[in-house]
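> Pasting a structure below so you can have a look.
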Amino acid sequence: MEVAQKSGRDNWRMFGGIMLIVIGVVFLLGQWFPGLGGIGISAVFFAGALGFLSIYLRSRENWWALIPAYVFFIIGMIITLATSRWFENFIPGFVLTSIGMPFVVVFLINRKNWWALIPAYVLISIGTLITLGDWLPGDLFPAMILWTIALPFFVTYVWNRRNWWALIPGGILATVGAGLAAGTFSYLLPIILIGLGVLLLMRQFGGN
């Protein structure tokens, strides 16, 4: 017990020490080299991320080091995107996606943690939509939002066919989204209707 407590204290001391060193280096670089810019500062955070990653690679028991390594990497990426005129619009979506990814890892580590997929899906999908918002036509963006909300209902039905009720809200949302998208792509709604009609006929003649 005492050995575990001592190991925990040592880990947190190592974590605190690296954090203080990285922050101190960032402040010193900002004062010594005012023209260094965000790329140099982000490089410091990337170095901090590699430092914590090396702690984990040295001993898999130091799993805690992956948390600050990920945080440092994300901060470095945000600073890098912020210093670029071409990619600064990606920052909001990148931040939301970055928050959602650890929930995916939680699920992959233990499939019983299915609840982690809910915040992961919400954060990643919203982050993706925000990122694509500037490139999507006006009527297609709200349609994408409705389709994003409808998708979990369809997954619920596919996962268990007894959950037929999920097709009702999913179908309504998807249809309304298709109606909105039709304002941008006038051919989209007829194609969807034709596709649904073909599926119904195939089920009818297939004897299902």
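The values are calculated or read from the model by the stated rules, or taken from the named source; none is laboratory data. Predicted model only: the values in this text are computed from it and were never measured. Cβ sites come from the backbone with ideal geometry, for glycine too, and all protein chains shown count toward neighbours. Accessible surface is based on the protein model in full, side chains and every heavy atom, while ligands, DNA and RNA are left aside. Shrake-Rupley method; radii C 1.70, N 1.55, O 1.52, S 1.80 Å.
> Only one of (1) part of a helix (DSSP H, G or I); (2) free of Cβ contacts under 8 Å to residues at least 12 places away in the same chain fails for LEU129. Which number is that?
LEU129 satisfies all of (1) part of a helix (DSSP H, G or I); (2) free of Cβ contacts under 8 Å to residues at least 12 places away in the same chain except (2).
> Could you please find all residues in the range 61-78 being closer than 20 Å to PHE103 by Cα and either in contact with a Cys (Cβ under 8 Å, 6 or more places away or on another chain) or not β-branched (Val, Ile, Thr) (or both)?
Once the filter is applied, which keeps residues that are closer than 20 Å to PHE103 by Cα and either in contact with a Cys (Cβ under 8 Å, 6 or more places away or on another chain) or not β-branched (Val, Ile, Thr) (or both), the range 61-78 yields ASN62, TRP63, TRP64, ALA65, LEU66, PRO68, ALA69, TYR70, PHE72, PHE73, MET77.
> Report, by residue number, each residue of the range 70-96 that is among the hydrophobic types (A, V, I, L, M, F, W, C), open to solvent by 70 Å² or more (accessible area, probe 1.4 Å) and either touching a helix residue (DSSP H, G or I) at 6+ places or on another chain (Cβ under 7 Å) or farther than 28 Å from SER125 by Cα (or both).
Listed by number, the residues that qualify are PHE73, PHE87.
> Report yes if some residue within the range 58-69 is over 20 Å from ALA181 (Cα atoms), open to solvent by less than 70 Å² (accessible area, probe 1.4 Å), without any contact (Cβ under 8 Å) to a residue 12 or more places away in the chain and polar (S, T, N, Q); otherwise report no.
Yes, the range 58-69 contains at least one residue that is over 20 Å from ALA181 (Cα atoms), open to solvent by less than 70 Å² (accessible area, probe 1.4 Å), without any contact (Cβ under 8 Å) to a residue 12 or more places away in the chain and polar (S, T, N, Q).
> Name, by its number, the condition in (1) of a type outside the set (S, T, N, Q); (2) more than 17 Å from the chain's Cα centre (by Cα); (3) open to solvent by 70 Å² or more (accessible area, probe 1.4 Å) that does not hold for ILE55.
(3)
> Now a separate question. Tally time: how many residues in the range 132-175 are in a loop (DSSP other than H, G, I, E, B) and free of Cβ contacts under 8 Å to residues at least 12 places away in the same chain?
Number satisfying all stated conditions: 7.
> Could you check ILE99 against (1) surrounded by fewer than 17 Cβ atoms within 10 Å (Cβ to Cβ); (2) modelled with pLDDT of 85 or more; (3) within 26 Å of LEU132 (Cβ to Cβ); (4) out of contact with any helix residue (DSSP H, G or I) (no Cβ under 6 Å at 6 or more places or on another chain) and say which number it fails?
(4)
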